[in-house]
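Engineer: Dropping a structure here in structure tokens format, bear with me for questions.
The values are calculated or read from the model by the stated rules, or taken from the named source; none is laboratory data. Bear in mind that the values here come from a model prediction, so they are computed numbers and not experimental data. We place every Cβ from the backbone using ideal geometry, glycine too, and count neighbours over all the protein chains shown.
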Amino acid sequence: MRAVADGLDASDDRPVWAARLRAERAARGWSQADAIRALRAHSPEQLPSDNTLLRNWKRWEAGRTEPDPFYRTLIAKTFGTVTAAFFPPSATGEADRALLEGSGMGTLEIVARVQASDVSPSTLDALRVTADRLCCEYPYMPPDQLHAEGQSWLRRITSLMDRRLTLSQHRDVLSLAGWVALLVGCLEYDMGDRRAAEGTRRAAASLGMEAGNAAISAWAYEMRAWYALTQGDYRGAIAAAEAGKEIATTDGAAVQLAAQWAKAWARLGDRRQVETALDHGRQLLEALPYPADIDHHFMVDPAKFDFYAMDCYRILGENRLAEMYANEVISSSTDPNGIARKPMRIAEARVTLGVTAAREGDVEAAVSHGRQALEGDRKSLPSLLMCSQELASTLATNYPKQEQVTSYLEELRTLTLAHA
């Protein structure tokens, strides 16, 4: 066996067990490949492939993930010691406890803290609740805050891949990671980080494919269509929507793909295609059961169809239809106490009212609506800026010298540059 020059750093801030893992290996002059061969020799059952074990070993030594109880015992046996000496009881079980914190499930949290050799069903149940909660907070939570929480949970979920999982659990974990990755990608795009958003979208698509989860794959295509639409690549949006339709069944992703298709055709000026796409989306949505939670970002609630139609008819110049839909969007997105439940929808509805007001010569109302749209804390900047530029173009073309117009245009320009 070949020796390795893995020096030990006294200032190492990795967990104690991770530092010991490396020290034990170095003391024997083993490479990481040697270590996993020794691990396999001491295992009472068949282990995964060498490549998988080597990836896991690297993560363990780096302290990024902790071995599960099966591997803790096997590592201790391989190095000739007892599990509790290598992994003191106070250091074990932290992964499951961290996974359950914040899930909001008191009973499940207590049950799931009973440690087992494998990932318990209650741990997966708590994770599902947490993933759903994150997706339901999308409409109103500040994107940077939700993004940080989403990334943290995504790391925790993917760390379960180092645990012993049944095939069914493996698919469940991949799917949970896929849904949270989709959410994180949306948030990254909302905040204007296109490169990160596209990378996360592709990762979510890969997770969906590996899990055999068509819904995740379809939503990844929907995000691709959305990205293209807001960047002015209307043909690209249509292509992504058509590709997604090949995967999507009759769920919310299929409805939203039809909507992105309609929006892109509206901007290309093809009314027939717009109405065909909207009707297709409407029929799909009509057949779906009412969502269990209308705040869930990856469930399409019936009121969202008004939002789709509003955008299309605004672009097509159908002012009365666009205004009517905009008022419906604001009404359905506001609770009885006047609190905005869907602030991003309301913002785009305000822009629509601004555009129709500008076309009718009411400059004061147009600017007022435009400014209200920019005021909210919860924004999807690419979508909001895309719509706001339509209002800006109408105002700049027809009322270029009015002071309130130039002031609004400067506000919009500043916001655009700040997130370029």
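Engineer: In region 253-278, what residues are closer than 16 Å to Tyr325 by Cα and surrounded by fewer than 21 Cβ atoms within 10 Å (Cβ to Cβ)?
Structural biologist: Scanning region 253-278 gives a single hit, Glu275.
Engineer: Can you tell me which residue within region 190-217, out of those that are assigned to a helix (DSSP H, G or I) and of a type in the set (S, T, N, Q), is surrounded by the most Cβ atoms within 10 Å (Cβ to Cβ)?
Structural biologist: Thr200
Engineer: Please verify whether Glu109 is in contact with a Leu (Cβ under 7 Å, 6 or more places away or on another chain), modelled with pLDDT under 85 and either assigned by TED's automatic domain parsing to the domain that holds Glu188 or not in a helix (DSSP H, G or I) (or both), treating the condition exactly as stated.
Structural biologist: So Glu109 passes the test.
Engineer: Kindly check whether there is at least one residue in region 395-411 that is at pLDDT 90 or above, part of a helix (DSSP H, G or I) and under 28 Å from His147 (Cβ atoms).
Structural biologist: The answer is yes, given that some residue of region 395-411 is at pLDDT 90 or above, part of a helix (DSSP H, G or I) and under 28 Å from His147 (Cβ atoms).
Engineer: Here's another thing I want to ask about it. Tell me, yes or no, whether region 239-259 has at least one residue that is out of contact with any Leu (no Cβ under 7 Å at 6 or more places or on another chain), part of a helix (DSSP H, G or I) and hydroxyl-bearing (Ser, Thr, Tyr).
Structural biologist: Checking region 239-259: not a single residue is out of contact with any Leu (no Cβ under 7 Å at 6 or more places or on another chain), part of a helix (DSSP H, G or I) and hydroxyl-bearing (Ser, Thr, Tyr).
Engineer: I need the full set of residues from region 200-214 which are closer than 28 Å to Asp311 by Cα and in contact (Cβ under 8 Å) with a residue 40 or more places away in the chain, in order please.
Structural biologist: None; the set is empty.
For every residue, the table says whether it meets (1) under 29 Å from Thr130 (Cα atoms); (2) not small (Gly, Ala, Ser).
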{"position": "Gly252", "(1), (2)": "yes, no"}
{"position": "Ala287", "(1), (2)": "yes, no"}
{"position": "Phe298", "(1), (2)": "yes, yes"}
{"position": "Ala309", "(1), (2)": "no, no"}
{"position": "Tyr313", "(1), (2)": "no, yes"}
{"position": "Asn327", "(1), (2)": "no, yes"}
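Engineer: Let me ask something else. I need the full set of residues from region 269-299 which are closer than 21 Å to Thr352 by Cα and among the aliphatic types (A, V, I, L, M), in order please.
Structural biologist: Scanning region 269-299 gives Val274, Ala277, Leu278.
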